[in-house]
1. Would you call A:Ala150 in the same structural domain as A:Ala322 (by TED's automatic domain parsing) and modelled with pLDDT of 90 or more?
2. In region A:132-188, what residues are of a type in the set (Lys, Arg) and either more than 9 Å from chain B (Cβ to nearest Cβ) or outside any helix (DSSP H, G or I) (or both)?
3. Can you name the number of the only condition in (1) out of contact with any Gly (no Cβ under 8 Å at 6 or more places or on another chain); (2) polar (S, T, N, Q); (3) in contact (Cβ under 8 Å) with a residue 12 or more places away in the chain that A:Ser195 fails?
4. Among the residues that make up region A:3-22, is at least one of them part of a loop (DSSP other than H, G, I, E, B) and touching a Phe, Trp or Tyr at 6+ places or on another chain (Cβ under 6 Å)?
5. A:Leu275: of a type in the set (A, V, I, L, M, F, W, C), away from chain B (no Cβ under 14 Å) and within 24 Å of A:Met37 (Cβ to Cβ), yes or no?
6. Going by the structure shown, is A:Leu104 within 30 Å of A:Glu64 (Cβ to Cβ) and either in the same structural domain as A:Glu189 (by TED's automatic domain parsing) or under 17 Å from the mean Cα position of the chain (by Cα) (or both)?
7. Examine region A:215-232 for a residue that is touching a Ser or Thr at 6+ places or on another chain (Cβ under 7 Å) and not charged (D, E, K, R), and state whether such a residue exists.
8. Could you check region A:239-252 and list, in sequence order, the residues that are crowded, with 20+ Cβ neighbours inside 10 Å and at the interface with chain B (Cβ under 9 Å from one of its Cβ atoms)?
Amino acid sequence: MDGLLAGIASINLKMVIMYVIGLVLIILAIKKNYEPMLLLPIGFGAILVNLPQSVVKYASIASEPDMFVTSIIRNNPGAEELFKHYIEIDGLYYKYEPGILQILLESGILTELFPVLIFIGIGAMIDFSPLFKNPVMIFFGAAAQFGIFATMLVAIALNFDLKTASAIGIIGAADGPTAIYVASKFAKEYFGPISVAAYSYMSLVPIIQPPVIRLLTTKKERLIRMEYREEKFSKFVLIAFPIAVTIIAGIVAPISVPLVGSLMFGNLIRECGVLERLSQAAQNELSNLVTLLLGITIGSTMEADKFLRPETLLILAMGLVAFVFDTAGGVLFAKFLNLFRKEGNKFNPMIGAAGISAFPMSARVIQKIAQKEDPTNFVLMQAVSANVSGQLGSIVAGGLILALVPMLVH
Amino acid sequence: MFDALINGTDLEKGIFVTVFGMLGVFAVLILFYLIIRIFSGSLFRKKAE
């Protein structure tokens with residue numbers, strides 16, 4: 001009876017707000033079909049972790065504070081990083097036994113295991129053939145990463161430190177696993193809002209991109225047709241590409257190897273032709289299982305005290321800014337390239353917007369706009385090429401940020 | 001110069017990361033582009049033409 005009363009007595013307004021946020025995410029997933037595979041587990045995780053005396057996060061908490069640890073942390077700001085499994089309550093530090101969601105967070109996200117496993121699945125799903133037919137499209141995958149860096153500068157202007165700002169900027173990668181990977185290294189404190197923003201905005205690509213594209217292009221530009229060559233590639237090309245990309249990434253940006261390597265490993269499994277069962281397992285069972293655990297674990301980082309603060313709203317707003325800058329970067333780069341291309345050989349600048357990593361949603365959005373302007377215009381394959389390049393570009397950008405930022409921070 | 005940057009403001013560091021980050025992304029993707037063209041033979045085919 002005491003336990004029941006303690007549960008009811010410890011509910012506060014912040015917890016109730018988090019239940020509402022969790023329910024909103026679940027409703028968006030079910031009713032609007034916005035990234036349901038992630039938003040539903042995230043929403044449910046947010047509710048779970050904010051239940052009174054949430055044992056899914058903290059299996060048990062010591063009844064007395066550890067005064068030794070408390071005094072060390074008080075006298076050495078930042079020392080809390082050294083003490084695992086201590087929770088601060090009213091300025092005092094208590095030892096706790098981790099619950100299931102905390103165990104998943106520590107073993108799956110803080111070790112970067114989940115993002116890496118997800119990338120194996122994504123790699124097994126990606127077909128690079130459209131990119132081989134239009135290799136020049138790879139540059140849109142680079143240009144559309146502009147949003148990451150522009151948003152990072154905006155975040156710095158809003159008084160976030162460099163590490164946190166770069167983790168916020170990476171929302172613009174439109175690439176959930178990369179955002180999680182960078183946030184887990186640079187901004188553990190804001191992990192929840194960054195992950196939620198990364199996945200929420202990905203699902204909003206069909207709403208965010210069209211107005212930006214229309215604003216930056218003329219009707220004449222949107223009507224541009226692009227030639228597409230049907231070509232077959234040898235098995236050698238498809239197999240050698242992931243191996244070569246991994247080696248180059250390893251030499252140029254070693255820190256990006258866990259992400260690039262796992263993406264390319266998944267792709268190699270797909271293309272080698274002798275591991276069909278493993279390829280199917282990576283695309284289905286592995287991806288589904290890790291996505292399930294990833295979603296609920298991200299939700300578990302949405303504790304009311306950490307999530308309900310002004311910075312969360314700022315991060316969510318900057319996530320939107322990042323997607324707008326990404327789209328603008330890609331479109332403007334295509335328009336810039338068109339200055340040097342002959343009439344009849346110009347890019348449809350909308351293709352540039354597909355250089356973000358949200359695959360294949362962004363490519364579909366571009367095709368939809370193109371067909372709305374001219375029902376006989378097909379730019380889907382070119383958009384897919386740019387979209388696949390965006391996947392590569394976002395990982396490289398994430399790797400470079402992970403390499404550059406620590407060099408500049410004391 | 002790099003020491004001065006390390007002691008600089010976050011905005012200066014951010015601009016540095018932006019410039020070298022974008023250059024880096026383009027540089028790496030240019031390498032990937034060359035790989036694709038070499039592997040798919042289109043670089044050599046064009047030369048032969």
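The values are calculated or read from the model by the stated rules, or taken from the named source; none is laboratory data. Please read these numbers as outputs of a predicted model, since none were measured by experiment. Counting neighbours? That spans all protein chains shown, and the Cβs are built from the backbone with ideal geometry, glycine included.
1. Numbers: in the same structural domain as A:Ala322 (by TED's automatic domain parsing): yes; modelled with pLDDT of 90 or more: yes.
Yes.
2. Matches in region A:132-188: A:Lys163, A:Lys185, A:Lys188.
3. Only one criterion is unmet by A:Ser195, namely (1).
4. From region A:3-22, those part of a loop (DSSP other than H, G, I, E, B) are A:10-12; that's our starting set.
Cutting the leftovers down to touching a Phe, Trp or Tyr at 6+ places or on another chain (Cβ under 6 Å) gives us none.
No - not one qualifying residue is present in region A:3-22.
5. When the stated conditions are applied, A:Leu275 does not pass them.
6. Spelling it out, it is not the case that A:Leu104 is within 30 Å of A:Glu64 (Cβ to Cβ) and either in the same structural domain as A:Glu189 (by TED's automatic domain parsing) or under 17 Å from the mean Cα position of the chain (by Cα) (or both).
7. Narrowing region A:215-232 to residues touching a Ser or Thr at 6+ places or on another chain (Cβ under 7 Å): none.
Checking region A:215-232: not a single residue is touching a Ser or Thr at 6+ places or on another chain (Cβ under 7 Å) and not charged (D, E, K, R).
8. A:Phe241, A:Val245, A:Ala249
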